[in-house]
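> The structure follows.
The values are calculated or read from the model by the stated rules, or taken from the named source; none is laboratory data. What you see is a predicted model; the values in this text were computed from it and never measured. Quick reminder, even Gly has a Cβ in these numbers, built from the backbone with ideal geometry, and neighbours come from all protein chains shown. SASA here: full protein model, heavy atoms, side chains in, ligands and nucleic acids out. Shrake-Rupley method; radii C 1.70, N 1.55, O 1.52, S 1.80 Å.
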Amino acid sequence: MIYSAKEISLYIKKIMEKKSILTASSADYDASIMTAIVDIFDDENEVIFDYSGSEELDRLIRKSRSIDFSTHVDDINVTFSSGAVEDTVYKGRPAFKIKMPRSIHKVQRRNFYRVSTPLSERPACVMEHDGNTYQATIIDISIGGINAHIKNADFRAGDIIERCTISTPIGIEIEASLKIVYVRDRLDKNRETRYGCKFKDASTSVESKLQKYVSYLERKEIAKRREFRTL
């Protein structure tokens, strides 16, 4: 569906008014932050959103050529993208700003809201494909799939990973098959490749485990943001 500039502006304002948590993911680096829209300026042409509170992640977000955002509002999954962010100051605190997005995507279906995995406690992830074993670093995760860097892999979109085992730091172990949806090269010194993966034929039990882990990550990030705001 195509939305007018006015409709997009109204929906971005709704995300702000609902105080929805957004995942902002770098298109170029291993960096995803949880943030929120705090204001809209310049005749509704500039969107202001919070720093994450992590200097390293904020630095990588700042260096990125483009940022992908995702959130959910009223059980609707919402995604949009921007170009490079700019630094600004909002009510005496450092913040980022972007131009109002030119397009927005809304999907009214099961909520596949992505949350980033903390650098300090990323889950262990092992993938098995064609008799080979691969170690993966999960950048973000949802009930629908994961974004990950996979060591020494050369997968293509459409490839099926027969077995993926995710061992979370809270004792939940998730085992499922994956389908590679997209492949994107990183620009940093490690030159690793990011793979967008969709869970394939996940059972109700697997989805339940994923929901518990995603909810844990979201609660943890919200608590961190509240602590940061009180400093």
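> If you go through region 40-47 one residue at a time, do you hit one that is touching a residue at least 60 places away in the same chain (Cβ under 8 Å) and open to solvent by less than 50 Å² (accessible area, probe 1.4 Å)? Write out each step before concluding.
At the first step, the residues of region 40-47 found to be touching a residue at least 60 places away in the same chain (Cβ under 8 Å) are 40.
Subset that is open to solvent by less than 50 Å² (accessible area, probe 1.4 Å): 40.
Looking for residues that are touching a residue at least 60 places away in the same chain (Cβ under 8 Å) and open to solvent by less than 50 Å² (accessible area, probe 1.4 Å), one finds at least one in region 40-47, hence yes.
> I'm trying to understand the selection: among the residues of region 161-175, which are of a type in the set (A, V, I, L, M) and at pLDDT below 95? Working first, answer last.
Going residue by residue through region 161-175, those that are of a type in the set (A, V, I, L, M) are 161, 166, 170, 172, 174.
The answer is Ile170, Ile172.
> If you don't mind, another one. Among the candidates Thr71, Thr35, single out the residue that is within 15 Å of His105 (Cβ to Cβ) and either surrounded by 17 or more Cβ atoms within 10 Å (Cβ to Cβ) or among the acidic types (Asp, Glu) (or both).
Working: Thr35 fails: within 15 Å of His105 (Cβ to Cβ).
Every option except Thr71 fails the conditions.
> In region 176-194, which residues are open to solvent by less than 70 Å² (accessible area, probe 1.4 Å) and modelled with pLDDT under 85?
The answer is Arg186, Asp188, Glu192, Thr193.
> Can you tell me which residue among Phe49, Phe41 is of a type in the set (Phe, Trp, Tyr) and modelled with pLDDT of 90 or more? Quick ask: steps written out before the conclusion?
Numbers: Phe41 fails: modelled with pLDDT of 90 or more.
So the residue among Phe49, Phe41 that is of a type in the set (Phe, Trp, Tyr) and modelled with pLDDT of 90 or more is Phe49.
> Those residues that are open to solvent by less than 50 Å² (accessible area, probe 1.4 Å) and in contact with a Lys or Arg (Cβ under 9 Å, 6 or more places away or on another chain), I need them from region 195-218; list them, please.
Passing the criteria: Tyr195, Gly196, Cys197, Phe199, Glu207, Val214.
> Tally time: how many residues in region 134-150 are in contact (Cβ under 8 Å) with a residue 40 or more places away in the chain and open to solvent by 60 Å² or more (accessible area, probe 1.4 Å)?
Count: 0.
> Step by step: first the residues of region 195-231, then only those that are modelled with pLDDT under 65 and among the basic types (Lys, Arg), then the one that is farthest from the chain's Cα centre (by Cα). Which residue is that?
First, pick out the residues of region 195-231 that are modelled with pLDDT under 65: 225-231.
After this cut, where a residue has to be among the basic types (Lys, Arg) as well, the list is 225-226, 229.
Details: Arg225: 16, Arg226: 19, Arg229: 21 Å.
Restricting to residues being modelled with pLDDT under 65 and among the basic types (Lys, Arg), the top hit is Arg229.
> Among the residues of region 5-22, how many are open to solvent by 50 Å² or more (accessible area, probe 1.4 Å) and on the phi < 0 side of the Ramachandran plot? Spell out how you get there, then give the answer.
Keep residues of region 5-22 that are open to solvent by 50 Å² or more (accessible area, probe 1.4 Å), which gives 5-7, 10, 13-14, 17-19.
Within this subset, residues satisfying the condition of being on the phi < 0 side of the Ramachandran plot are 5-7, 10, 13-14, 17-18.
Of the residues in that region, 8 qualify.
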